[in-house]
């Protein structure tokens with residue numbers, strides 16, 4: 001019997017045939033939803049093999065290593081209650097965690113609150129850039145809902161939509177997008193001029209298509225302003241939610257796009273790296289989620305002309321939706337994304 | 001989780017050459033194999049060597065581009081190492097350019 005987990009993290013046992021069936025069903029679900037090519041039988045067998053290995057921890061074969069970028073980098077230590085500064089946390093990432101790149105991130109991980117503390121963040125970036133060697137990104141979330149009342153100046157689309165005020169909800173989101181673009185450009189410019197290698201727009205489109213639009217526009221402006229800036233657009237989910245419904249970028253309606261379509265727009269806007277996300281279904285098994293996630297991410301990688309880094313963390317990239325992601329699943333997802341998805345990074 | 005990924009599939013950062021390959025992806029939009037090949041050519045090693053901690057530790061020491069150990073060998077670190085990496089990889093590094101501007105060396 002194979003010991004594996006459900007998407008909620010609980011242990012289950014399956015036969016090898018059941019694992020194969022679930023991987024195939026996960027692949028089929030991605031194919032149906034994304035209208036993409038399925039994995040080959042050899043690739044499916046490779047995922048089954050990764051799932052069925054008895055070891056707690058699995059890894060890639062030598063030579064199949066990839067590049068790691070991070071989201072909310074320094075926060076991962078801050079939220080553990082370890083009271084050390086951001087430059088020191090990133091020294092630990094570099095010298096202890098074997099990080100290929102670094103990400104500096106403030107506790108209020110959104111552009112709107114960071115706008116008011118840019119000088120302090122610039123200091124942290126400048127200080128970190130003196131004592132670290134790996135590429136340094138600054139990360140934050142576009143987080144469009146922060147621009148709605150009572151926290152911000154715009155009407156709340158989530159309140160307008162249930163009242164049937166569709167046009168008003170659209171206008172409110174467009175207004176919020178303009179505020180968000182200004183803040184993203186302002187903060188990103190500040191940290192880049194302080195010495196960061198670039199910016200990571202994390203959990204892009206968490207608030208739907210208007211937020212994706214805002215991030216693409218901010219990327220476009222920054223690419224024009226700083227041709228050499230590294231810009232990573234990491235998504236929030238596999239599917240761009242249509243809270244607005246009709247907003248477009250470069251003539252393409254953003255609502256409903258899956259990763260292999262999202263990446264083309266990120267490229268056009270000027271992104272350097274695209275972070276593809278596939279959500280974990282906590283009611284399905286890890287093999288089902290892994291087959292599905294790798295199918296989506298492989299299609300995205302094949303459609304891309306820039307590096308694609310799959311998001312493989314809590315509740316995404318087949319990793320169970322838990323606060324302490326189990327090593328057995330994370331290492332298997334990491335291995336499958338590298339060897340079957342052939343990702344450029346994670 | 002960062003440690004799990006590093007052990008399962010990561011290149012190893014400055015323990016090996018992961019930082020250099022990452023730099024080529026981020027600054028030049030190179031895909032993984034292209035970035036590995038570019039770095040291997042610049043370092044005059046094979047692509048297979050790039051994630052070897054032993055060989056790359058010695059090479060980083062020879063090139064003086066920093067590794068995880070500080071002290072003793074007087075390895076370049078931080079901004080010092082990045083000056084050398086920019087020259088080695090034939091790229092501009094933003095904080096190095098800023099350093100040059102602020103110290104009026106450029």
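Taken together, the values in this text are just the output of simple stated rules run on the coordinates, not laboratory data. The model shown is predicted, which means the values in this text are computed figures rather than measured ones. As a convention, Cβ positions derive from the backbone with ideal geometry for all residues, glycine included, and neighbour counts pool all protein chains shown.
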With r defined as the distance between the Cβ atoms of residue A:10 and residue A:79 and R0 fixed at 30 Å, what FRET efficiency is calculated, to the nearest 0.05? 0.80
Using only Cα atoms, tell me the angle between helix A:327-339 and the longest principal axis of chain A; keep it within 0 to 90° and round to the nearest 10. 90
Dividing the alpha-carbon radius of gyration of the protein assembly as shown by 2.2 N^0.38 Å (N being the number of residues), what value is obtained? 0.96
Efficiency of FRET between residue B:34 and residue A:88 - r from beta-carbon atoms, R0 41 angstrom, step 0.05: 0.75
Rounded to a whole number of µm²/s, how large is the Stokes-Einstein D of the stretch A:63-277 at 20 °C and 1.002 mPa s, given Rh as the Kirkwood radius over C-alpha pairs? 122
Run through every distinct alpha carbon pair of the stretch A:8-149 and return the Kirkwood hydrodynamic radius in angstroms, one decimal place. 19.0
Taking R0 as 51 Å and r as the Cβ-Cβ distance between residue B:55 and residue A:120, the FRET efficiency 1/(1 + (r/R0)^6), rounded to the nearest 0.05, comes to 0.80
In degrees, nearest 10, the alpha-carbon axis of helix A:118-131 is tilted away from the dominant principal axis of the alpha carbons of chain A by 50
Other chains near A:252-261: what is the mean number of their Cβ atoms within 10 Å of each residue's Cβ? 0
For A:127-140, mean number of other protein chain Cβ atoms within 10 Å: 6
Protection proxy ranking, peptides A:175-183, A:100-108, A:24-32, average beta carbon neighbours within 10 Å, highest first: A:100-108, A:175-183, A:24-32
With label points built 7 Å along Cα→Cβ from the Cα atoms of residue A:130 and residue B:92, find their separation and express it in nm. 2.3
Calculate the length of the line joining the C-alpha centroid of the stretch A:66-93 to that of the stretch A:267-346, in whole Å. 21
I'd like the distance between the alpha-carbon centres of the stretch A:249-265 and the stretch A:107-166, rounded to an integer number of Å. 23
Just to be sure I understand: with springs between alpha-carbon atoms less than 10 Å apart, which residue in A:249, A:147, A:226 has the highest mean-square fluctuation in the Gaussian network model of chain A? A:226
Per-selection Rg to Rh, the stretch B:2-102 - Cα, Kirkwood hydrodynamic radius: 0.96
Of the residues B:14, B:65, B:91, which exhibits the maximal mean-square fluctuation in a Gaussian network model of chain B defined by a 10 Å Cα contact cut-off? B:91
Please give the average number of partner chain Cβ atoms lying within 10 Å of the Cβ of each residue in A:319-325, rounded to a whole number. 1
Once Rh is set to the Kirkwood radius over Cα pairs, what Stokes-Einstein translational diffusion coefficient, in µm²/s, holds for the stretch A:214-345 at a temperature of 4 °C and a viscosity of 1.567 mPa s? 85
Tilt of helix B:32-43 relative to the longest C-alpha principal axis of chain B, in degrees (0 to 90, nearest 10)? 60
Taking springs between alpha-carbon atoms closer than 10 angstrom, which of A:150, A:287, A:113 fluctuates most in the Gaussian network model of chain A? A:150
Could you list A:342, A:225, B:37 so that the one with the fewest beta carbons within 10 Å of its beta carbon is first and the one with the most is last? A:225, B:37, A:342
Percent of all Cα-Cα pairs per 10 Å bin for the stretch B:43-105, counting from 0 up to the last occupied bin, reads 20, 45, 28, 6, 0
Within 10 Å, count the other beta carbons around each residue, average over each peptide in A:195-206, A:116-127, A:51-62, and list them highest first. A:195-206, A:116-127, A:51-62
Percentage of interatomic Cα-Cα distances in the stretch A:51-104 larger than 17 Å: 49
